[in-house]
Every structure is written in C-alpha cells, then in structure tokens.
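No lab work stands behind these numbers, since they all come straight from the coordinates. On a predicted model such as this, the values are computed, not experimentally measured, just so you know. Because the Cβ atoms are built from the backbone with ideal geometry, glycine has one as well, and the counts that use them run over all protein chains shown.
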Amino acid sequence: MLVHIPHVLTPEEVAHARRVLEEAAWVDGKVTAGEQAAKAKFNLQIPEDSPAAREVGSLVLRALGRNPLFNSVALPLRVLPPMFNRYDVGMKFDAHVDGAVRAIPGAGMRMRADVSTTLFLTPPEDYDGGELVIEDTYGKQVVKLPAGDMVVYPASSLHSVTEVTRGSRWSSFFWTQSMVKNDGERTLLYDLDMAIIKTRQQLPDDNRAVVALTSVYHNLLRRWAEM
Ligand code: NI
C-alpha cells in the first residue's frame, strides 16, 4: 500500500528546514548504504549525528506525532531518526530494496524497517527528474510531491530515484517499525479505519453499527499488533 500524506510540514517549517540544511555539511550518500546499494546510490546526505540532522529530524518527528493519517497508515511502534538527502544534477538512486534491519543510533538496539517514508522538501517545479519510482503489487508508481508532503510505502518494495536533470531535489527519509509487520494486515486496518471515519461523518457516534465496526478494528489490531 502506498499512501500520499499531504501537508505534513507547514510552508514555514519547510522553509526553516531548508535554511538549516543549507548550512549543513553534505557527504556522499554511500556512507549509509550496504555494499550492493552503494553501487546504485549517487546522492548526498547529512551525517546522522550532525546538529542539522538532529534539529530538522525533531521537527519532522513532531509533525508525525500530530498527523493522524501517518499513525493510521504506519501504526508506528518506533521511528528511526529522520535522515536527509539531496540529488543534484546527474544524481540518482537505481532500483534497490531498503535493508530490513537497522541500528537505532546511540540506543544499542536494532529495529525492523517495515515502512519507508519520503518527505519532499523541494517544490516539484524547482527540479526535473528526481521521481521516486515504487514498484508495488499494482505496478510502478511514480511519485513527485509538493514540498511538505510525504509518501509512505512498504519497505519491502523495490524503488528508485530517477536522475535529476535540472535543479536539486531535497528530501527527508526514514523507516518505521510498525506494530503490525505484515503489509496486507496493515492495509486492511487502514482501509477499515478510513471507512469508519467516513461512516462516523454520516451517523451519530452512538450508532450501534459504528460501535460494532470500531470494535472490529480494535479487536483486529489486538490480534495482529506486536510490541
Ligand atoms: Ni531506498
């Protein structure tokens, strides 16, 4: 399941993030890639432990916390600190799958990456190319979103970023370990949650059918959630 979440950051937050990141020291993106992905990856990143990554990372995490749609889609158990990358002209990331297990910096712990997220920080009119191409069960999806919007998709999907041919594409990306690791089960819960929200807009909250559907949602989550 691939979900577009609009307006995760306000225009002011995007502008602030851009200003902080402009001052940061960018390094070759291969530093965080596995051996195979390093051969496919041509971009720049900000070191995970740099003050800029921490400051803008906290801003992104706060925005996620106030976003009910992200919580419904990802059912997050833990979110790895957001990272930041940049594709200038000639840069790209060929098809790859993100690593399944990642170390949590400074925590001496590892987590499973179930859900991948890309948060766009550059308006689409500022660059050509740089599309995120995600191969899911319905074929290839091409994603290029307004600054401040993000796309959430299964970390198991093959994906790539096409070569940037004009301008520069900046984004934040991060992984989430979900309470529900199976993408199919997560998708059912998300679809049910959205249907309940729509039904509640049309029926009073004490309607018996609404109560019954909400019970089904929680009892499925109880059955499938692991933490
Ligand atoms: Ni990736």
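Of all aspartates and glutamates in the structure, the ones whose alpha carbon falls short of 15 Å from that of Lys144, not counting any fewer than 8 places away in one chain, are Glu125, Asp126, Asp128, Glu131, Glu135, Glu163. For the chain, a simple Cβ point-charge model (Lys and Arg +1, Asp and Glu -1, everything else neutral) yields a dipole of about 520 debye relative to the Cα centre. Each Lys or Arg adds one and each Asp or Glu subtracts one; over the other residues with Cβ under 12 Å from the Cβ of Ile134, this totals -2. Phi angles of the range 184-196 translate, via the Karplus equation with coefficients 6.51, -1.76, 1.60 and θ = phi - 60°, into HN-Hα couplings of x, 5, 4, 5, 4, 5, 5, 4, 5, 4, 5, 5, 5 Hz per residue; Gly and Pro are given as x.
With θ taken as phi - 60° and the Karplus curve 6.51 cos²θ - 1.76 cosθ + 1.60 applied, the whole-hertz 3J(HN,Hα) list for the range 79-86 is 10, 5, x, x, 10, 9, 9, 8 Hz, x standing for glycine and proline. Using the Karplus relation 6.51 cos²θ - 1.76 cosθ + 1.60 with θ = phi - 60°, the per-residue 3J(HN,Hα) values for the range 105-114 come to x, x, 9, x, 10, 10, 9, 8, 8, 9 Hz, with x marking Gly and Pro.
So how far, in whole Å, is the C-alpha centre of the range 126-176 from the one of the range 37-58? Value for the Cα centre distance between the two parts: 16 Å. For Val115, nonlocal amide neighbours, meaning residues 5 or more places apart or on other chains whose placed amide H falls under 5 Å from its own, are Ala155, Thr176, Ser178. Taking 0.36 nm per residue of sequence separation and removing the Cα-Cα distance, the Val31/Arg54 pair yields an extension gain of 6.5 nm. In this simple spin-label approximation, Glu22 and Leu158 carry label points 7 Å from Cα along the Cα→Cβ vector, and these lie 4.0 nm apart.
Loop only by DSSP, 12 or fewer other Cβ within 10 Å of the Cβ. Give me the trypsin sites (Lys or Arg not before Pro) in the range 48-85 that pass, ordered by residue number.
Values: sites: Arg54, Arg62, Arg66, Arg78; in loops: Arg66.
Listed in order of number, the matching sites are Arg66.
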